[in-house]
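Read the figures in this text as sums done on the coordinates, not as results from a lab. Computed from a predicted model, the values in this text were never measured in an experiment. As a convention, Cβ positions derive from the backbone with ideal geometry for all residues, glycine included, and neighbour counts pool all protein chains shown.
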Amino acid sequence: MNTPQTPENHAGATFSTRRVLPYSPQQVFDAFANPDVLARWWGPNGFTNTFELFEFAPGGRWKFMMHGPDGTHYQNESVFLKLDSPSTIVIQHVSQPHFTLTVTIAANNGGTEIAWNQEFESSEVADRIRHIVEPANEQNLDRLHAVLEQRV
């Protein structure tokens with residue numbers, strides 16, 4: 001499945017972004033925990049999702065299809081490795097490309113700071129898809145913000 005991380009294959013394999021949103025840590029965590037809400041914002045701009053299986057518990061599986069704006073469908077499968085409400089979510093993407101997403105959620109001056117760290121199996125894989133992942137992660141957080149704004 002995933003390649004063990006060593007200093008040789010780990011360097012340059014992680015994409016990180018941070019964002020402060022004007023919502024509570026629990027509101028942000030709940031936007032991940034509720035599949036109906038998550039399906040509305042997960043993925044880059046123009047993508048939609050159909051969830052087949054959503055077991056939001058440590059060890060639980062998450063199977064879904066992402067539908068691209070061009071009509072292409074992308075099958076995804078992940079496992080929730082760690083869920084510590086409302087501070088931490090760790091998701092292992094077990095379909096290609098393999099990565100582990102660690103989301104840290106922390107109170108920050110009346111809002112919440114989200115630290116989004118996506119670690120790929122190697123720097124070679126990360127380099128190949130960097131042009132997609134970096135803007136997609138920012139768009140994902142933009143979409144999360146927009147969905148939370150509608151819910152308040």
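Out of Ser24, Ser122, Val79, whose Cα points farthest toward the positive end of the dipole of the chain (charges: +1 Lys, Arg; -1 Asp, Glu; placed on Cβ)?
Ser24
State to the nearest 20 debye the size of the charge dipole of the chain about its Cα centre, where the only charges are +1 on K and R beta carbons and -1 on D and E beta carbons. Provide the component values of the computation, followed by the final result.
On the way: 10 positive and 17 negative charges, 49 e Å.
Roughly 240 debye for the chain.
From the P(r) of the chain, could you give the percentage of C-alpha pairs in the tail past 22 Å? Kindly include the intermediate steps, with their values, before the conclusion.
On the way: 4450 of 11476 pairs.
Above the 22 Å cut-off, the chain has 39 percent of its Cα pairs.
Quick one: which residues, 5 or more positions from Phe99 or on another chain, have an amide H under 5 Å from its amide H? H modelled 1.01 Å from N in the peptide plane, none for Pro or chain starts.
Sorted by chain and number, the residues that satisfy this are His93.
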